[in-house]
Amino acid sequence: MPLWTQHGNGRTVEPGKVVRPDERLNWPATIAIGAQHVIAMFGATFLVPIITGFPVSTTLLFSGIGTLLFLIITRNKLPSYLGSSFAFIAPVTAATASQGMGSALAGIVAVGMLLAAVGLIVQFAGLGWVEKLMPPVVAGAIVALIGFNLAPVAWDSYQQAPFTATVTLVAVVLFSVLFRGFLGRISIFLGVIVGYIVALLVGEVDFTAVNELITDGQWVGLPTFEFPAFGDPGTWSVIAMFLPVVLVLVAENVGHVRGVATMTEASVNQQTGRALIADGAATTLAGFFGGSGTTTYGENIGVMAATRVYSTAAYWVAGIFAILLSLSPVVGAVFNSIPAGVLGGVTTALYGLIGIIGIKIWVDNRVDFSRPVNQYTAAVALVIGIAGFTMQWGDFELGAIVIGSAAALLIYHLGNLIARWRRTGADDGGPLPPVGQLGGDPQDAEVAR
């Protein structure tokens, strides 16, 4: 039995329909769409290793391998590309600075194993316990503080070349509002290209490493591999900083599965547990050999929505393309040549967007911020994340992400327990009711004015 049946005539998507995960267009069209998925993921995926100092080629290799592993574990029923997760940037940056790359990789492995364990529980027990542990106000606070905690890192890069950084930032914002559809969704990638061209013109790009590889003819070669240092004394204190990332990855994967199910068929939701297991396995594998932690990508959901092609065949093509691309040291060196000014401009937008995603969770779920428990859950967690609180006992140190996440969980659950015991009305009373007219015919906004 073939893995995919051909959709319609194989050339076009039938009117009013989508190409389901178990279908495909003809192979030339499928290969073209797979290449488009590589372009969609590329801008975000290569930025994470550049920002964190990880090898770009290694990250691309395990991004491709992780995607193929994801398709296998989900039994070829869930279309998804696994790219670098931005949620890892803050703990990786802190861990690398204090203990080295080996300890950071150990943290990535720990996150991957824990995520896979969560996936196993979800597969058998469902998602209800996750939603109770991490309701919208807590989830939003944790995601937001991870993004805002990185603000000083963006400023450090920005001030090294303010002109180039400003041009890059303006380009990112401009492209996001100037273009619609696919081009609008890759505005960060396009902004990096503009910033890189400006950096070339003002002499900020160092091509030394690229020229050496070209001179030596090293167009093809294996990426460099790094390994986790579980035996280092400071590694276990570093691992604590990574654990809140699991909550972000759970939210991203669940959202991805639900998005695909909405556009294809409800039965896709049954793959939620397998998706978490698969992402956990891919992250663990990447961490063992020097790659960045992975997650499902919203950029690729956008491509599927635009093309109406949800075929897993396209993702097999994309994964293979990424692996082939990773086998060129020259490509990796070109990306490593991106100067600090460009990174400063793009990360100013990027880190802020991570924070805004957390706030969007509050808005989408209509969190009631008139309730003191919700107010303090968010307020304390954000200040801890933005200020960069730390706590240290000897060689063991807790960073702002783990402290802020712990604060959000404790304030919310203990606060609700006490408020409901005392019946003060300070507890989380659930989502705010939607605001709008009661009854009558719908009114156009312009007419209502």
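The values are calculated or read from the model by the stated rules, or taken from the named source; none is laboratory data. This one's a predicted model, so the numbers in the text were calculated from it and none came from an experiment. Backbone-built Cβ (ideal geometry, glycine too); neighbour counts: all protein chains shown. In case anyone asks, the SASA skips ligands and DNA or RNA and just uses the protein heavy atoms, side chains included. Shrake-Rupley method; radii C 1.70, N 1.55, O 1.52, S 1.80 Å.
None of 261, 266, 251 is out of contact with any Gly (no Cβ under 8 Å at 6 or more places or on another chain), under 22 Å from residue 91 (Cβ atoms) and among the aliphatic types (A, V, I, L, M) except 251.
Looking only at the range 403-433, count how many residues are open to solvent by less than 30 Å² (accessible area, probe 1.4 Å) and of a type in the set (A, V, I, L, M, F, W, C). Qualifying residue count for the region: 5. Comparison of 167, 122, 118, 153 shows that the only residue that is at pLDDT 85 or above, in a helix (DSSP H, G or I) and closer than 30 Å to residue 348 by Cβ is 167.
When 276, 382, 324 are checked against the criterion of being surrounded by fewer than 17 Cβ atoms within 10 Å (Cβ to Cβ), in a helix (DSSP H, G or I) and modelled with pLDDT of 85 or more, a single residue qualifies: 324.
The condition (being open to solvent by less than 60 Å² (accessible area, probe 1.4 Å) and either within 23 Å of the chain's Cα centre (by Cα) or under 24 Å from residue 93 (Cα atoms) (or both)) is satisfied by just one residue among 173, 138: 138.
Looking only at residues that are open to solvent by 60 Å² or more (accessible area, probe 1.4 Å) and not in a loop (DSSP other than H, G, I, E, B) in the range 1-31, which one is nearest to residue 316 (Cα to Cα)? Only one residue fits best here, namely 31.
For (1) among the small types (Gly, Ala, Ser); (2) crowded, with 19+ Cβ neighbours inside 10 Å; (3) within 17 Å of the chain's Cα centre (by Cα), each residue gets a yes or a no:
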| residue | (1), (2), (3) |
| --- | --- |
| 85 | yes, yes, yes |
| 92 | no, yes, yes |
| 95 | yes, yes, no |
| 99 | no, yes, no |
| 125 | yes, no, no |
| 128 | yes, no, no |
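Note on the range 257-267: residues that are under 16 Å from residue 306 (Cβ atoms) and in contact (Cβ under 8 Å) with a residue 60 or more places away in the chain amount to 3. Within the range 52-72, the set of residues being open to solvent by 10 Å² or more (accessible area, probe 1.4 Å) and either outside any helix (DSSP H, G or I) or touching a strand residue (DSSP E or B) at 6+ places or on another chain (Cβ under 6 Å) (or both) comprises 53, 55. Take the residues in the range 36-49 that are of a type outside the set (Phe, Trp, Tyr) and touching a Phe, Trp or Tyr at 6+ places or on another chain (Cβ under 6 Å); name whichever of them is nearest to residue 311 (Cα to Cα). Looking at residues that are of a type outside the set (Phe, Trp, Tyr) and touching a Phe, Trp or Tyr at 6+ places or on another chain (Cβ under 6 Å), I get 37.
Checking 201, 183, 178, 150 one by one, the residue that is surrounded by 17 or more Cβ atoms within 10 Å (Cβ to Cβ) and either under 30 Å from residue 364 (Cα atoms) or free of Cβ contacts under 8 Å to residues at least 40 places away in the same chain (or both) is 150 and no other. Assessment of the range 73-88 against the conditions (outside any loop (DSSP other than H, G, I, E, B) and modelled with pLDDT under 85) yields at least one matching residue.
Could you tell me whether any residue of the range 236-244 is free of Cβ contacts under 8 Å to residues at least 24 places away in the same chain and either more than 25 Å from the chain's Cα centre (by Cα) or open to solvent by 60 Å² or more (accessible area, probe 1.4 Å) (or both)? No: zero hits.
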